[in-house]
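The values are calculated or read from the model by the stated rules, or taken from the named source; none is laboratory data. Computed from a predicted model, the values in this text were never measured in an experiment. With ideal geometry, Cβ positions are generated from the backbone for all residues, glycine too; neighbour counts draw on all protein chains shown. To get the accessible areas, we keep the full protein, side chains included, count just its heavy atoms, and leave off ligands, DNA and RNA. Shrake-Rupley method; radii C 1.70, N 1.55, O 1.52, S 1.80 Å.
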Amino acid sequence: MHAHDSAHCRPTAGREILDHMNTDDHVIEVTDLRRVYGGGFEAVRGISFAVGRGELFALLGTNGAGKTSTVELLEGLARPTAGRVRVLGHDPYAERGLVRPRIGVMLQEGGFPSELTVGEAVRMWAGCTSGSRPTGEALELVGLGHRARVRIKQLSGGEKRRLDLALALLGRPDVLFLDEPTTGLDAEGRVETWELVRALRASGTTVLLTTHYLEEAESLADRLAIMHAGQLAASGTPAEVTAAQPSQITFQLPEGYHLGDLPPLGALGVTAHETEGRTVKLRTDVLQQAATQLLLWARDAGVELRGLDVRSASLEEAFLRIARDVKQEARDAREAGDKEKVA
Amino acid sequence: MSAATTTTTTTTGSATTAAGRLAALGKAELTLLGRSKGMLVTAIVIPLVLPLSVQQTLKGDMLEKAGLTMGTALLTAGIGFAMLFAVYSALVNIYVARREELVLKRLRTGELRDREILAGTALPAALIGLAQCVVVAVACTALVGLEAPRAPHLAVLGVLLGTVLMVALGAVTAAFSRTAESAQVSSLPLMFVSMIGSGMTVPLEVFPDRLASVLELLPLSPAMRLVRGGWTGELSAYEALGAAATAVAWVLLAVFAVQRWFRWEPRR
């Protein structure tokens, strides 16, 4: 398989967001953030982005992309190796006391003593939370009202996630951090959580959520960033990120025909192509024009394009291509480095 | 209905205080302690039973040489066991269990400060330890004729310093224990050393002078010395100050070690 690419996304996209938004309205500001673990592993490699008041921002990425490492810095659980984080105008690590009463956190893997009941855990947490909701109200929010007397060890995985969410919402936070809130939930639970998150956003809560479910980011987020290998590979509204990716036409080349028999690809508006056996994959930024020209050619030539598939770019396509591009760049960089060593 | 609702809203609508947060966490920990049979035995039964075994081994001449009565010897042993089992050993287990269950990490995302998390988690164990000390003193007075303390303030100082030190050392030991199972082993060294070398089961007077003065520097030794001196009244102000200073030095060292090495989440 071979690919020619012209559209690359650069990890500087976050900067642009910083520039075109009013800084006073930023609830979360991240500048050149780095996090290196004790063993030398660089999980976060210089990322910048900003989240405005009342906005729902999704950090999207594969497992190991650095999402949780980033969110933990925003939550003030660790000090960044380099760079700057501001949440509600304060350093979430050094000024913990100012930030914590106004944020709610749901960790990717929350921990609760398994021998406490649900109600006991919420009451304990309420005693440590300024302006706490009543226990019953918090549990009703996440649909656990009837489980208050049950020991936590008897909850299902999904119920534990919802208890975690209840605790994050306990203090009516201005900013909510949700690290993979729907992982482990069934389809129904996921939809319920989405509705709750939408309602919170509608009431003015700023939400930063991480997810590896593309449809979750696409349907919830005002803006999103795709994270890969510790960097932001793309960011913007879901529509912007998708639009930055080329659309695609796939078909089987009829027997006896070669790629050269098609009209010149440049004239079709094709920016890149791949062939694998008889399957041809064309990428284009002008989908309608390219598809029309191709179909007219097929009609005039009297051939049938089997397996014809014409599709606009999707977030999924964008996501997969970014992952592949970054991998390719890393390989190129490594090869360049090897050559230097030889020289 | 409406009245109750209003009250709830006003009381829960305020900002939290350190005392309130400690109380909330301590209450939850007390509930957990009450639900763990193993922890209850360690914290309540063992410290009250072990001193009886000391009574069998302590010989009259040993007590005479140390200038002790059976009452003061049993009292010192009982208070030492309360510190080691009800406070230290129990807390090593609790800290490790809460860390491995990711409870500590979750707590750190809230308004509790780090030291409040450690203190609040330790609250029930520390209070049980203090209650055990009172029970031991009352039992020794009633059963083996322990006389009234001559310098009670020294005994109280010793118990308080000892309790704080056991909490801090419990956190240090937890930092070096990867699992609940290894916590059982990693807490043994301090327990053995203290039982033998801190004047709990064997009066330090039976050791050669030079060795005895080294043993006086062990973590639990100053607390034991203050408790014993509080009852016998034979501790000079200078000696009492020295013991208190040694205990404080251990507390500072332990607090430093906690800040340096304590882990809030499991190793990956």
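What is the percent carbon and sulfur in the accessible area of chain A, measuring with a 1.4 Å probe over the protein chains and ignoring ligands?
On the way: 7540 of 15580 Å².
Taking all protein chains in place, chain A shows 48 percent carbon and sulfur surface.
Roughly what % antiparallel, to the nearest 5, for the DSSP beta bridges in chain A? Intermediate values should be presented prior to the final figure.
Numbers: 35 of 54 bridges.
Around 65 percent antiparallel, to the nearest 5.
Where in chain B are the DSSP H helices whose C-alpha atoms run 20 Å or more along the long axis and whose mean Kyte hydropathy is at least 0.5? Intermediate results must be reported in sequence, preceding the final value.
On the way: long enough: B:18-34 (24 Å, 0.84); B:114-143 (43 Å, 1.51); B:152-175 (35 Å, 1.97); B:237-261 (35 Å, 1.26).
Taking the DSSP H segments of chain B (at least 20 Å long, mean hydropathy at least 0.5), we get B:18-34, B:114-143, B:152-175, B:237-261.
Length gain on complete extension for the stretch A:Arg34 to A:Glu329, per 0.36 nm per residue less the alpha carbon to alpha carbon distance? Could the numbers behind the result be given before it?
Numbers: separation 295, 0.36 × 295 = 106.20 nm, distance 1.99 nm.
Length difference between fully extended and current span is 104.2 nm.
About the Cα centre of the stretch B:17-261, how large is the charge dipole given +1 on each Lys and Arg Cβ and -1 on each Asp and Glu Cβ? Please answer in debye to the nearest 20.
Its charge dipole is roughly 820 debye.
State, in square angstrom and to the nearest 100, the accessible area buried between chains B and A, both chains counted, probe radius 1.4 Å. Kindly include the intermediate steps, with their values, before the conclusion.
Values: alone 13870 and 16940 Å², together 28070 Å².
Protein heavy atoms only, the B-A interface buries about 2700 Å².
Given the C-alpha centroids of the stretch B:23-62 and the stretch B:229-258, what is the distance between them in whole angstrom?
Each part's Cα centre sits 24 Å from the other's.
Under the definition of Cα pairs under 8 Å and six or more residues apart, what whole-number percent is the relative contact order of chain A?
Details: 618 pairs, mean separation 69.9, N = 343.
Here the relative contact order equals 20 percent.
Taking 8 Å as the Cα distance limit and 6 or more residues as the minimum spacing, I'd like the relative contact order of chain B as a percentage. Mind dumping the intermediate values first?
Working: 342 pairs, mean separation 68.1, N = 268.
Dividing the mean separation by the residue count of chain B yields 25 percent.
When the solvent-accessible surface of protein heavy atoms is calculated with a 1.4 angstrom probe, in what order do A:Ser219, A:Ser312, A:Ser132 fall, highest first?
Details: A:Ser219 55, A:Ser312 80, A:Ser132 5 Å².
From most exposed to least exposed: A:Ser312, A:Ser219, A:Ser132.
Per residue, how much accessible surface does chain B expose to a 1.4 Å probe? Answer in Å², no decimals.
47
Would you please give the residues with an amide H less than 5 Å from that of A:Ser130, counting only those at least 5 places away or on a separate chain, with H modeled from the backbone geometry?
Distant-sequence amide H within range of A:Ser130: B:Thr16.
Is the C-alpha gyration tensor of the stretch B:14-74 telling us rounded, prolate or oblate? Criteria: a/c under 1.5 is rounded; beyond that, a/b larger than b/c is prolate, otherwise oblate.
Numbers: a/c = 8.08, a/b = 2.42, b/c = 3.34.
It is oblate, given that a/c is not under 1.5 and a/b is not larger than b/c.
Just the number, please: percent antiparallel of the DSSP beta bridges in the protein assembly as shown, rounded to the nearest 5.
Numbers: 35 of 54 bridges.
The answer is about 65 percent antiparallel.
FRET efficiency for B:Leu127 and A:Glu195, Cβ-Cβ distance as r, R0 = 56 Å, nearest 0.05?
Numbers: r = 45 Å, r/R0 = 0.80.
In this case the efficiency is close to 0.80.
Work out which residues of the stretch A:83-104 lose at minimum 40 square angstrom of accessible surface when the other protein chains are put back, relative to the chain isolated, with a 1.4 angstrom probe, and list them by number.
A:Arg96, A:Arg100
If each DSSP helix of 4+ residues adds -39,500 (n - 2.57) and the sum is divided by the residues in the protein assembly as shown, what number results at 222 nm, nearest 500 deg cm²/dmol? Spell out each step's value before the answer.
Values: 27 runs with 321 residues, N = 611.
That calculation yields -16500 deg cm²/dmol at 222 nm.
Largest first, what is the accessible-area ranking of A:His212, A:His146, A:His26 with a 1.4 Å probe?
Working: A:His212 60, A:His146 140, A:His26 15 Å².
Largest to smallest exposure gives the sequence A:His146, A:His212, A:His26.
Given B:Val206, A:His228, A:Ile47, which one lies farthest toward the positive end of the charge dipole of the protein assembly as shown, if we put +1 on the Cβ of every Lys and Arg and -1 on the Cβ of every Asp and Glu?
B:Val206
Using a 1.4 Å probe on the protein chains only, how many percent of the accessible area of the stretch B:17-261 belongs to carbon and sulfur?
Roughly 70 percent of what the probe reaches on the stretch B:17-261 is carbon or sulfur.
Using protein chains only (no ligands, no nucleic acids) and a 1.4 Å probe, work out which residues of the stretch B:69-108 have their accessible area cut by at least 50 Å² relative to the chain alone.
B:Glu101, B:Leu102, B:Lys105, B:Arg106, B:Arg108
What does the charge dipole of the protein assembly as shown about its Cα centre add up to, to the nearest 20 debye, if the Cβ of each Lys and Arg holds +1 and the Cβ of each Asp and Glu holds -1? Walk me through the intermediate numbers first.
Working: 62 positive and 64 negative charges, 324 e Å.
I would put it at about 1560 debye.
Filter the chymotrypsin sites (Phe, Trp or Tyr not before Pro) in the stretch A:26-64 down to the DSSP loop ones having no more than 13 other Cβ atoms within 10 Å, then list what survives.
A:Tyr37, A:Phe41
Determine the gain in length on full extension of the stretch A:Val303-A:Asp222; use 0.36 nm per residue of separation and subtract their C-alpha separation, reporting nm with one decimal.
Working: separation 81, 0.36 × 81 = 29.16 nm, distance 4.46 nm.
Between A:Val303 and A:Asp222, full extension yields 24.7 nm more.
How far apart, in nanometres, would the label points at A:Ser312 and B:Tyr238 be if each is projected 7 angstrom from Cα along the Cα-to-Cβ direction?
For A:Ser312 paired with B:Tyr238, the spin-label model returns 9.1 nm.
Share of antiparallel DSSP beta bridges in the stretch A:124-240, in percent to the nearest 5? All intermediate terms of the calculation are to be shown ahead of the outcome.
On the way: 5 of 10 bridges.
DSSP beta bridges in the stretch A:124-240 are roughly 50 percent antiparallel.
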